[in-house]
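First comes the structure, then the notes that go with it.
The values are calculated or read from the model by the stated rules, or taken from the named source; none is laboratory data. Predicted model, so just to flag it, every value in this text is computed and none were measured. Here the Cβ is made from the backbone with ideal geometry for all residues, glycine too, and neighbour counts use every protein chain on show. Keep in mind that these areas ignore ligands, DNA and RNA; they rest on the heavy atoms of the full protein, side chains included. Shrake-Rupley method; radii C 1.70, N 1.55, O 1.52, S 1.80 Å.
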Amino acid sequence: DAGITQSPRHKVTETGTPVTLRCHQTENHRYMYWYRQDPGHGLRLIHYSYGVKDTDKGEVSDGYSVSRSKTEDFLLTLESATSSQTSVYFCATWDRVGEKLFFGSGTQLSVL
Amino acid sequence: AQSVAQPEDQVNVAEGNPLTVKCTYSVSGNPYLFWYVQYPNRGLQFLLKYITGDNLVKGSYGFEAEFNKSQTSFHLKKPSALVSDSALYFCAVRDPLFSGNTPLVFGKGTRLSVIA
């Protein structure tokens with residue numbers, strides 16, 4: 001999937017615990033995104049980044065924070081996980097030359 | 001605000017028949033339009049896009065899509081469906097009038113089932 005690695009691939013955690021998901025890219029793309037996928041909702045944008053230390057909120061950002069200290073890494077943190085954050089999380093990067101999004105393979109997160 | 005609607009949650013088609021997956025959009029300017037496909041337990045894969053030019057866009061795996069500005073639609077089509085086309089399909093839009101790199105907005109997805 002175009003040099004995008006998400007870790008972990010699967011995670012089960014308990015309500016109230018912090019969780020960090022990692023996205024690593026080898027494409028040197030400037031723009032990176034975190035989406036969540038839920039049945040009936042499609043993909044919804046959580047946060048995105050337009051450069052190192054430059055981030056902005058998406059439509060469903062409550063309860064999430066992000067950090068981008070290096071071009072290649074974009075971290076998504078659930079500060080205190082809730083059952084409503086059980087979802088599949090996808091990282092994506094924007095290819096400015098090809099003008100399209102590339103997606104990672106996703107992280108299946110279950111909050112019990 | 002930009003938005004995308006995929007009016008059908010599920011589309012069923014017999015193998016060998018033509019298929020259409022519908023998408024309508026709403027943006028303030030001229031849209032960038034995309035189709036992505038998701039196979040089970042995989043990330044989304046790019047199929048095709050419309051930026052400008054010919055209204056009929058050809059993409060991967062024999063898929064094509066027609067941009068219709070008057071109907072604000074971008075339907076995905078294939079002349080002859082294969083069982084292997086069974087997947088979840090997403091339409092997405094970006095309004096290039098916004099400054100910076102506006103993220104893509106996705107529809108809710110349409111599940112395509114091709115029956116042998």
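For the stretch A:16-43, what are the residues that are loosely packed, with under 13 Cβ neighbours inside 10 Å and either away from chain B (no Cβ under 14 Å) or among the β-branched types (Val, Ile, Thr) (or both)? First the steps, then the outcome.
Residues of the stretch A:16-43 that are loosely packed, with under 13 Cβ neighbours inside 10 Å, as a first pass: A:16-18, A:26, A:28, A:39-40.
Of everything in the stretch A:16-43, those that are loosely packed, with under 13 Cβ neighbours inside 10 Å and either away from chain B (no Cβ under 14 Å) or among the β-branched types (Val, Ile, Thr) (or both) turn out to be A:16, A:17, A:18, A:26, A:28.
Residues that are open to solvent by 40 Å² or more (accessible area, probe 1.4 Å), in contact (Cβ under 8 Å) with a residue 40 or more places away in the chain and in a strand (DSSP E or B) occur at least once in the stretch B:76-95. Each residue in the stretch B:4-46 was checked for being surrounded by 12 or more Cβ atoms within 10 Å (Cβ to Cβ) and within 12 Å of chain A (Cβ to nearest Cβ), and 17 of them qualify.
Filter the stretch A:25-68 down to the residues that are assigned to a loop (DSSP other than H, G, I, E, B) and of a type in the set (S, T, N, Q) and list them by number.
Result: A:26, A:28, A:61.
Based on this model, can you work out whether residue A:9 counts as touching an Asp or Glu at 6+ places or on another chain (Cβ under 6 Å) and within 14 Å of chain B (Cβ to nearest Cβ)? In short, no. In the stretch B:46-79, the residue that is modelled with the lowest pLDDT out of those that are of a type outside the set (A, V, I, L, M) and touching a helix residue (DSSP H, G or I) at 6+ places or on another chain (Cβ under 8 Å) is B:61. The residue of the stretch A:59-86 that is farthest from residue A:41 (Cα to Cα), among those that are touching a His at 6+ places or on another chain (Cβ under 9 Å) and open to solvent by less than 20 Å² (accessible area, probe 1.4 Å), is A:73.
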